[in-house]
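These notes are about the structure you will find just below.
The values are calculated or read from the model by the stated rules, or taken from the named source; none is laboratory data. None of the values given here were measured: they were computed from a predicted structure. Using ideal geometry, Cβ is built from the backbone for each residue, glycine included, and neighbour counts are taken over all protein chains shown.
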Amino acid sequence: MSAKPDTRLTLFLLLAPAVLWLGLLIVLPHVEILILSFSERVAPRVYVFGFGNYLEFFTEPLYWRTFARTAIMSILVTVLTLVLAFPIALYIARVAQGRLRAMLLLLCLLPFWVSELVRTLGWMMLLRETGVISYVLQATGLTGQRIEFLYNDGAVILGLVYGGLLFMIVPLANALESLEPAVVEAGFDLGGSRWTVLRRIVVPHAMPGIVAGSIIVFMLTVGNFATPVLLGGKNGLWFTEQIYAQFITRFNWPQGAAFGMLLLLLSSAIVWAGLRLTGQSLGTTLKQA
Amino acid sequence: MAQSTDLDLVSVVKRFGAHAAVNDVSFSVAPGEFFSILGPSGCGKTTLMRMIAGFENPTSGDIRIRDKSMIGVPANKRPVNMVFQSLALFPMMSVGENVAYGLTCRGVSRAEAEERANRMLERVGLKGFGERHVTALSGGQRQRVAIARCLVLEPTLVLLDEPLGALDLKLREHMKIELKQLQATFNTTFAYITHDQSEALVMSDRIAVMNQGGFEQVGSPRELYHHPATPFVASFVGETNRWQGDVAAASNGAISVRLPSGAVIQGRDHGQSQVVGKTALAFVRPEAIALAQETSALSGLPNRFEGRVSAVLFDGANSSLLIDTVGFDEPVRAVLPQAGQLAGIQVGEAIHMGWSADAVKVFSA
Ligand SMILES: Nc1ncnc2c1ncn2[C@@H]1O[C@H](COP(=O)(O)OP(=O)(O)OP(=O)(O)O)[C@@H](O)[C@H]1O
Ligand SMILES: [Mg+2]
């Protein structure tokens with residue numbers, strides 16, 4: 001049980017950078033934010049302890065509606081991403097061979113060589129009223145006037161799904177790759193239809209990958225800022241915008257901190273629920289990601 | 001009524017690019033038969049099986065099961081089930097679910113499928129294992145689950161692709177007998193592939209010997225062993241001595257082969273007409289070689305040689321000797337009886353050996 005002192009020292013030294021990194025960049029700011037979120041401003045530059053910031057969230061419908069909307073849209077985006085990514089991952093893992101597989105993965109990775117902002121602006125070029133799609137539709141005579149595709153929920157979802165796709169495909173393809181081809185064949189051989197084999201063999205096998213991908217995409221979506229703001233415009237109504245507004249526009253840091261804590265709580269709760277629902281443990285899931 | 005068959009292959013060919021993995025194979029399997037396909041690694045056995053199961057399409061030819069052509073019928077609609085080389089049990093399901101899987105695919109209710117699966121597990125000696133996870137089984141138990149999973153569907157034909165390959169020797173010997181017994185009690189037709197000739201000889205009613213995509217000979221284990229039709233069968237099935245030489249004389253079914261050293265072996269022609277002077281291969285089984293300490297004891301035999309023991313390969317009843325013999329490049333292999341005065345023979349001792357002309361199979365090379 002008891003390690004020799006010098007090995008323990010080595011272990012400590014090896015772990016020190018990671019511990020420092022975790023402590024300084026993640027734990028410390030969050031403790032700060034937590035403390036901040038419980039301070040109410042009673043007079044200029046005078047703060048007292050209290051739950052006012054959280055109460056404000058529940059009493060102002062705009063806040064909690066935006067919050068709920070963010071949660072529901074994020075779940076929707078995650079599900080859509082999963083449905084889209086599954087056949088792609090299946091193809092990459094089971095059908096594509098050698099160079100083609102590398103090419104396909106590279107193709108998925110390509111959009112991430114430009115920043116998220118530029119990618120989103122790209123979508124704006126395509127979708128805006130004077131954009132490419134509108135122009136083509138008009139030129140081919142399918143529509144009489146220009147059409148605005150931007151600034152609605154569809155555009156926001158499109159952008160978010162696009163941004164999440166890679167992070168779903170990689171863990172899914174990983175999970176599917178380890179499925180023995182003979183197991184799938186046995187599924188057919190014993191009389192299973194495509195649907196049965198998918199439902200009873202492929203999906204259960206890929207479950208750790210599905211959960212890992214979903215958690216990553218969900219987290220990225222909930223915490224996204226640029227995509228809902230740029231593609232959704234005034235109708236974006238993403239909760240991160242509220243946090244941004246409190247911190248930057250209103251300069252109400254305690255309120256922003258409370259929102260930040262609530263968002264953290266929301267993601268944790270939904271991830272936990274997802275894990276419970278699928279019967280996966282965080283351990284096996286992290287192995288897959 | 002014409003004799004019915006469970007499986008017929010008619011001139012089946014499978015090409016991968018220019019390479020013919022299976023080249024013009026035809027055979028029939030009768031109901032209840034244990035039919036084996038025996039061949040060296042890479043000769044196309046698995047490819048042949050996969051075509052019968054429906055995972056590959058033949059380039060040409062026909063596959064018929066109970067007189068219905070299977071061309072174009074997908075794997076999940078064929079009355080054949082396969083035990084895979086790797087077993088391919090479903091790791092995401094329990095033992096009971098593995099066995100019930102095929103039944104539920106057919107629309108059998110969950111409760112009934114479970115009950116039938118349990119009954120099947122009982123018959124293969126796995127009573128009470130239904131709830132177990134498949135990873136918590138021994139090699140032999142996993143084997144039985146893989147077979148139970150097929151048999152529960154009462155298929156016309158069960159295909160087994162080297163199912164004993166992954167087991168250790170002891171268990172393999174045991175499973176050989178168990179498989180044969182299972183096949184007999186269920187009276188299901190088995191098509192079994194293996195590269196292990198002893199597996200094929202022990203279990204099969206009939207064996208097809210396969211080489212480089214084609215069938216060399218189809219017959220009962222005894223036929224193959226005692227009357228091989230080709231040099232490949234003679235050397236692949238069972239232990240044998242193999243010598244190459246020229247035909248020295250051939251008349252009235254008697255044939256003599258002269259080895260490069262000048263030694264002459266008397267044999268019998270087996271239906272193939274041999275031309276004097278042509279290259280020929282002669283085969284003699286180790287157990288056909290009589291051993292003696294005095295040459296007088298072998299006086300009735302046309303082939304008599306003298307040699308010195310170079311190795312004693314002790315293996316109980318399968319013990320044999322390697323004998324360095326004048327006139328032969330390689331040592332002659334002969335079975336050493338474990339009774340009698342020769343049982344204690346040592347390396348370096350002189351020995352006489354002889355065999356009849358009937359024991360020598362001669363093929364033109
Ligand atoms: N999908 C394929 N594409 C190309 N060639 C193949 C394919 N499958 C098999 N082959 C080739 O066909 C030949 C026969 O293969 P097969 O798997 O049938 O051998 P086997 O007799 O089952 O061997 P083993 O005893 O090692 O399992 C081999 O030369 C193999 O390389
Ligand atoms: Mg094989």
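For B:Gly72, state whether it is away from ligand 1 (no atom under 13 Å from the Cβ) and either within 13 Å of chain A (Cβ to nearest Cβ) or outside any helix (DSSP H, G or I) (or both).
Numbers: away from ligand 1 (no atom under 13 Å from the Cβ): yes; either within 13 Å of chain A (Cβ to nearest Cβ) or outside any helix (DSSP H, G or I) (or both): yes.
Judged against the criteria, B:Gly72 is a match.
Please find, within the stretch B:292-317, the residue that is modelled with the lowest pLDDT out of those that are acidic (Asp, Glu) and farther than 16 Å from B:Gln341 by Cα.
At the first step, the residues of the stretch B:292-317 found to be acidic (Asp, Glu) are B:294, B:306, B:315.
Restricting the remaining residues to those that are farther than 16 Å from B:Gln341 by Cα gives B:306, B:315.
Numbers: B:Glu306: 91, B:Asp315: 86.
Ranking the candidates gives B:Asp315 first.
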Checklist line | Matching residues in the stretch B:1-26 - criterion: being within 12 Å of ligand 1 (Cβ to nearest atom) and either among the charged types (D, E, K, R) or not assigned by TED's automatic domain parsing to the domain that holds B:Thr194 (or both) | finding: B:Lys14, B:Arg15
Notebook entry, point to check: Out of all the residues in the stretch B:75-90, which are part of a helix (DSSP H, G or I) and away from ligand 1 (no atom under 16 Å from the Cβ)?
Noted result: B:Asn76, B:Lys77
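Can you tell which of B:Ala113, B:Ala53, B:Ala117 is aliphatic (A, V, I, L, M) and within 16 Å of ligand 2 (Cβ to nearest atom)? So that I can check it myself, show each step before the final result.
On the way: B:Ala113 fails: within 16 Å of ligand 2 (Cβ to nearest atom); B:Ala117 fails: within 16 Å of ligand 2 (Cβ to nearest atom).
On inspection, the qualifying residue turns out to be B:Ala53.
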Notebook entry, point to check: Does B:Ala191 fit the bill of being more than 28 Å from B:Val108 (Cα to Cα) and either away from ligand 2 (no atom under 16 Å from the Cβ) or not charged (D, E, K, R) (or both)?
Noted result: no
Margin query: The conditions are (1) within 19 Å of the chain's Cα centre (by Cα); (2) within 14 Å of chain B (Cβ to nearest Cβ), and A:Val118 fails exactly one of them. Which is it?
Written below: (2)
Checklist line | Evaluation of A:Thr7 against (1) closer than 30 Å to A:Ala155 by Cβ; (2) exposed (fewer than 10 other Cβ atoms within 10 Å of the Cβ); (3) among the polar types (S, T, N, Q) (one fails), failing number | finding: (1)
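Within the stretch A:209-222, identify whether any single residue is over 18 Å from A:Leu80 (Cα atoms), more than 10 Å from every other protein chain (Cβ to nearest Cβ) and more than 13 Å from the chain's Cα centre (by Cα), and answer yes or no.
Restricting attention to the stretch A:209-222, the residues satisfying the condition of being over 18 Å from A:Leu80 (Cα atoms) are none.
There is no residue in the stretch A:209-222 that is over 18 Å from A:Leu80 (Cα atoms), more than 10 Å from every other protein chain (Cβ to nearest Cβ) and more than 13 Å from the chain's Cα centre (by Cα).
Do you know which residues across the stretch A:176-205 are more than 10 Å from chain B (Cβ to nearest Cβ) and out of contact with any Gly (no Cβ under 8 Å at 6 or more places or on another chain)? Let's see the steps before the verdict.
Of the residues in the stretch A:176-205, the ones more than 10 Å from chain B (Cβ to nearest Cβ) are A:176-178, A:195, A:198-199.
Hits for the stretch A:176-205 are A:Glu177, A:Ser178, A:Trp195, A:Leu198, A:Arg199.
Residues to consider are A:Ile169, A:Ile133; find the one that is surrounded by fewer than 20 Cβ atoms within 10 Å (Cβ to Cβ), of a type outside the set (Phe, Trp, Tyr), away from every other protein chain (no Cβ under 13 Å) and more than 30 Å from B:Gln85 (Cβ to Cβ).
Numbers: A:Ile169 fails: surrounded by fewer than 20 Cβ atoms within 10 Å (Cβ to Cβ).
Being surrounded by fewer than 20 Cβ atoms within 10 Å (Cβ to Cβ), of a type outside the set (Phe, Trp, Tyr), away from every other protein chain (no Cβ under 13 Å) and more than 30 Å from B:Gln85 (Cβ to Cβ) holds for just one of A:Ile169, A:Ile133, which is A:Ile133.
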Check: Do we have any residue at all in the stretch A:86-98 that's more than 25 Å from A:Glu180 (Cβ to Cβ), outside any helix (DSSP H, G or I) and not basic (Lys, Arg)?
Finding: no
Checklist line | Elements of type helices (runs of 4 or more DSSP H) contained in the stretch B:94-194, each with 1 or more residues being surrounded by fewer than 16 Cβ atoms within 10 Å (Cβ to Cβ) and within 12 Å of chain A (Cβ to nearest Cβ) | finding: none
Next item on the list: Return a yes/no flag: does the stretch B:219-234 have any residue that is within 16 Å of ligand 2 (Cβ to nearest atom) and either part of a strand (DSSP E or B) or among the small types (Gly, Ala, Ser) (or both).
Entry: no
Notebook entry, point to check: How many of the residues in the stretch A:26-64 are more than 25 Å from A:Asn235 (Cα to Cα) and under 25 Å from the mean Cα position of the chain (by Cα)?
Noted result: 10
Notebook entry, point to check: Taking the stretch B:177-201 as the region of interest, how many residues are away from ligand 1 (no atom under 16 Å from the Cβ), closer than 18 Å to B:Lys45 by Cβ and free of Cβ contacts under 8 Å to residues at least 40 places away in the same chain?
Noted result: 2
Next item on the list: Could you tell me whether any residue of the stretch B:150-172 is away from ligand 1 (no atom under 16 Å from the Cβ), out of contact with any Ser or Thr (no Cβ under 9 Å at 6 or more places or on another chain) and at pLDDT 90 or above?
Entry: yes
Next item on the list: Select from the stretch B:56-69 the residues that are away from ligand 1 (no atom under 15 Å from the Cβ) and at negative phi and write down the one among them that is farthest from the other protein chains (Cβ to nearest Cβ).
Entry: B:Ser60
Margin query: Which of the numbered conditions does A:Ile216 fail, given that it passes all the others? Conditions: (1) in contact with a Pro (Cβ under 8 Å, 6 or more places away or on another chain); (2) under 30 Å from A:Val42 (Cα atoms).
Written below: (2)
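Looking only at residues that are outside any helix (DSSP H, G or I) and more than 11 Å from chain A (Cβ to nearest Cβ) in the stretch B:43-55, which one is surrounded by the most Cβ atoms within 10 Å (Cβ to Cβ)?
Pass one, the stretch B:43-55, residues outside any helix (DSSP H, G or I): B:43-44, B:54-55.
Remaining after also requiring more than 11 Å from chain A (Cβ to nearest Cβ): B:43-44.
Working: B:Cys43: 22, B:Gly44: 24.
Looking at residues that are outside any helix (DSSP H, G or I) and more than 11 Å from chain A (Cβ to nearest Cβ), I get B:Gly44.
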Notebook entry, point to check: What are the pairs, 6+ residues apart or on separate chains, where a residue within the stretch B:38-52 that is free of Cβ contacts under 8 Å to residues at least 24 places away in the same chain and under 18 Å from B:Met70 (Cα atoms) has its Cβ under 8 Å from a residue that is of a type outside the set (A, V, I, L, M, F, W, C) and more than 9 Å from ligand 2 (Cβ to nearest atom)?
Noted result: B:Arg50/B:Glu56
Item checked: Checklist (1) surrounded by fewer than 19 Cβ atoms within 10 Å (Cβ to Cβ); (2) not assigned by TED's automatic domain parsing to the domain that holds B:Thr325 applied to B:Glu216, failing item -> (1)
Check: Which of (1) more than 14 Å from chain A (Cβ to nearest Cβ); (2) more than 10 Å from ligand 1 (Cβ to nearest atom); (3) farther than 22 Å from B:Asp196 by Cα does B:Val29 not meet, given it meets every other one?
Finding: (3)
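When you go through A:Arg41, A:Arg8 one by one, which is the residue that is part of a strand (DSSP E or B) and over 30 Å from A:Thr278 (Cβ atoms)? Please lay out each step first, then the result.
Numbers: A:Arg8 fails: part of a strand (DSSP E or B).
Step by step, each of A:Arg41, A:Arg8 is checked, and only A:Arg41 is part of a strand (DSSP E or B) and over 30 Å from A:Thr278 (Cβ atoms).
Sort out which residues of the stretch B:70-88 are closer than 16 Å to A:Thr196 by Cα and either crowded, with 22+ Cβ neighbours inside 10 Å or in contact with a helix residue (DSSP H, G or I) (Cβ under 7 Å, 6 or more places away or on another chain) (or both), and write them in order of number. Steps first, please.
First, the residues of the stretch B:70-88 that are closer than 16 Å to A:Thr196 by Cα: B:74-77.
Answer for the stretch B:70-88, where residues must be closer than 16 Å to A:Thr196 by Cα and either crowded, with 22+ Cβ neighbours inside 10 Å or in contact with a helix residue (DSSP H, G or I) (Cβ under 7 Å, 6 or more places away or on another chain) (or both): B:Ala75, B:Asn76.
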Next item on the list: Restricting attention to the stretch B:22-42, report how many residues are within 16 Å of ligand 2 (Cβ to nearest atom) and surrounded by fewer than 22 Cβ atoms within 10 Å (Cβ to Cβ).
Entry: 3
Next item on the list: Exactly one condition in (1) more than 30 Å from the chain's Cα centre (by Cα); (2) within 14 Å of chain A (Cβ to nearest Cβ); (3) farther than 25 Å from B:Leu7 by Cα is not met by B:Leu89; state its number.
Entry: (1)
